[in-house]
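Down below is the structure, laid out as structure tokens.
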Amino acid sequence: MSLERCVGRRVRTSFKYAYPVLVVEVDGTVVAWANLSSYRARSCYAGIADFSIYLHRNVRGRGIGKALLKALLREAEARGFWKVLSRIFTFNEVSLALCQSCGFRTVGVYEKHACLEGRWLDCAIVERVFPSNQPGPDDEAAGA
């Protein structure tokens, strides 16, 4: 299902920069967004992007998050990224399930990675690879 069909409302996409930001509006109010951002500054990581996604609690459970993440992944692949990753609090089972349903795999856990409200929290590391975009070891993008 397309994001536009799922939401039934206007979807704005920013393609001005290398890292897209997708925004979902309902009746002129932003209810969800997702974006890619730089993973690291070194050129050997140029094809890897971090992603973030946020949905207002009033629109959760309607398929908007899945449609939005799928749209972001299509955009990442079209722009030539070979890997998209993020960190998710290990207790956030809904986000972990969303990522798994969109082809992500959990590759590890950062222990006591973030302190939130006085509590140390672990973060799962999730990644989605686009093999067709991955450069070979002799390609310039794979250099140090």
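The values are calculated or read from the model by the stated rules, or taken from the named source; none is laboratory data. Only a predicted model underlies this, so the values are computations on that prediction, with no experimental measurement involved. Positions of Cβ are generated from backbone atoms using ideal geometry, with glycine treated the same way; all protein chains shown enter the neighbour counts.
Brief remarks follow.
- Positions within segment 53-101 being among the polar types (S, T, N, Q), assigned to a helix (DSSP H, G or I) and either farther than 14 Å from A32 by Cα or within 13 Å of the chain's Cα centre (by Cα) (or both), in sequence order: S95, Q100, S101
This table checks each residue for (1) free of Cβ contacts under 8 Å to residues at least 60 places away in the same chain; (2) over 25 Å from S132 (Cβ atoms); (3) charged (D, E, K, R).
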{"site": "P20", "(1), (2), (3)": "yes, no, no"}
{"site": "V31", "(1), (2), (3)": "yes, yes, no"}
{"site": "A71", "(1), (2), (3)": "no, no, no"}
{"site": "G108", "(1), (2), (3)": "yes, no, no"}
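- Any hit, segment 121-133, residues being of a type in the set (G, A, S), in contact with a Gly (Cβ under 7 Å, 6 or more places away or on another chain) and more than 22 Å from A34 (Cα to Cα): no
- Just one residue in the set S2, S86, S52, S95 is at pLDDT below 95 and either crowded, with 16+ Cβ neighbours inside 10 Å or at negative phi (or both); that residue is S2.
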